[in-house]
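Here's the structure, in structure tokens; my notes come after.
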Amino acid sequence: MSDTADTTMLDTVDTAAEAEELTPAELAAECEARAATYALLSRLYNLEVDEKYLNALKEMLYPVESGNELMNEGHYHIAKYLSNSWVEPLTDLSVDYGRTFLGSGIDTYAAAYPFESVYTSERRLLMADARDEVLAIYRANGLDKSDKWTVGEDHISVELEFMRILCLRAARALSEGDMDRAFRLFKTQQGFLEQHICIWTPVFTADIRRFSNTSFYQGIAELTDGFLQTETDLLASLVGDNSEDADAEAEA
């Protein structure tokens, strides 16, 4: 999968009901906006913030009113941190990234480890069943993890990157008038969210709040929670309730 990340913060539709009223062209634009947010979160979880990315983050717009309270809070905390001129952000964020996601400097060796396996396996082990399951889904959809990605397949950044790619595929299908393919892609997105991302990220983001010291990563946790809430609602409005048959089926 590609490791490129769009650093544009875009508004999404305020409510799932609004999505039902969008034209195919408008829905394609919405899918591109969703892809941009997935790209942002994937990049932030994958690596520490470097100088180039810090400058890009400072250039972004963080909406005051996104339609989701958690996203609003996340935008506020991220923007507030980035506006502080009295901190050394690169050092500060590097230390907090290590502390939060790697357990650096924490006596208990605990952290918000960003792997689905850690949160879904009985003994909190890496490379457990979740890794094999998501890898099978990637491959069923014609994808494999790029050699540029050094993290495991069930790392949060890879799972979010997969969703980014599906959003862009849906945008392309809508632009080409292929509504059947777009619908199948929405079903695949919904299944992957319900079977994988959303079954462990609430505890993961709670751990981010527990271990992080900066308002930046506190804001990232809030943004993640809020965005995934809007995604769940949006996809339910587009393809219906998937609670009884939430299979992340391959999209041909």
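The values are calculated or read from the model by the stated rules, or taken from the named source; none is laboratory data. All values reported here derive from a predicted model rather than from experimental measurement. FYI the Cβ positions are ideal-geometry reconstructions off the backbone, even for glycines, and counts take in every protein chain you see.
For residues that are in a loop (DSSP other than H, G, I, E, B) and of a type in the set (A, V, I, L, M, F, W, C), tally how many sit in the stretch 22-43.
Residues meeting the conditions: 1.
What do you reckon, is GLN190 among the polar types (S, T, N, Q) and under 14 Å from the mean Cα position of the chain (by Cα)?
yes
Does GLU159 qualify as being surrounded by 24 or more Cβ atoms within 10 Å (Cβ to Cβ), touching a helix residue (DSSP H, G or I) at 6+ places or on another chain (Cβ under 8 Å) and either of a type in the set (Gly, Ala, Ser) or under 23 Å from SER212 (Cβ atoms) (or both)? Give the steps one after another, and end with the answer.
Values: surrounded by 24 or more Cβ atoms within 10 Å (Cβ to Cβ): yes; touching a helix residue (DSSP H, G or I) at 6+ places or on another chain (Cβ under 8 Å): yes; either of a type in the set (Gly, Ala, Ser) or under 23 Å from SER212 (Cβ atoms) (or both): yes.
Spelling it out, GLU159 is indeed surrounded by 24 or more Cβ atoms within 10 Å (Cβ to Cβ), touching a helix residue (DSSP H, G or I) at 6+ places or on another chain (Cβ under 8 Å) and either of a type in the set (Gly, Ala, Ser) or under 23 Å from SER212 (Cβ atoms) (or both).
I'd like to check something: does the stretch 109-117 contain any residue that is of a type in the set (Asp, Glu) and either surrounded by fewer than 20 Cβ atoms within 10 Å (Cβ to Cβ) or in a loop (DSSP other than H, G, I, E, B) (or both)?
No, every residue in the stretch 109-117 fails to be of a type in the set (Asp, Glu) and either surrounded by fewer than 20 Cβ atoms within 10 Å (Cβ to Cβ) or in a loop (DSSP other than H, G, I, E, B) (or both).
Consider THR12 against the criteria (1) under 18 Å from LEU228 (Cβ atoms); (2) surrounded by 19 or more Cβ atoms within 10 Å (Cβ to Cβ); (3) modelled with pLDDT of 90 or more: it satisfies all of them except one. Which criterion is unmet?
Here THR12 meets the rest and fails (3).
Within the stretch 44-85, can you find the residues that are part of a helix (DSSP H, G or I), within 21 Å of LEU234 (Cα to Cα) and touching a Ser or Thr at 6+ places or on another chain (Cβ under 9 Å)? So that I can check it myself, show each step before the final result.
First pass over the stretch 44-85, keeping only residues part of a helix (DSSP H, G or I): 44-46, 51-59, 69-83.
Next cut, within 21 Å of LEU234 (Cα to Cα) only: 69-75.
Scanning the stretch 44-85 gives LEU70, MET71, ASN72, GLY74, HIS75.
Is there a residue in the stretch 138-152 that is surrounded by fewer than 23 Cβ atoms within 10 Å (Cβ to Cβ), modelled with pLDDT of 95 or more and either within 30 Å of GLY98 (Cβ to Cβ) or within 13 Å of the chain's Cα centre (by Cα) (or both)?
Yes; the residues of the stretch 138-152 include at least one that is surrounded by fewer than 23 Cβ atoms within 10 Å (Cβ to Cβ), modelled with pLDDT of 95 or more and either within 30 Å of GLY98 (Cβ to Cβ) or within 13 Å of the chain's Cα centre (by Cα) (or both).
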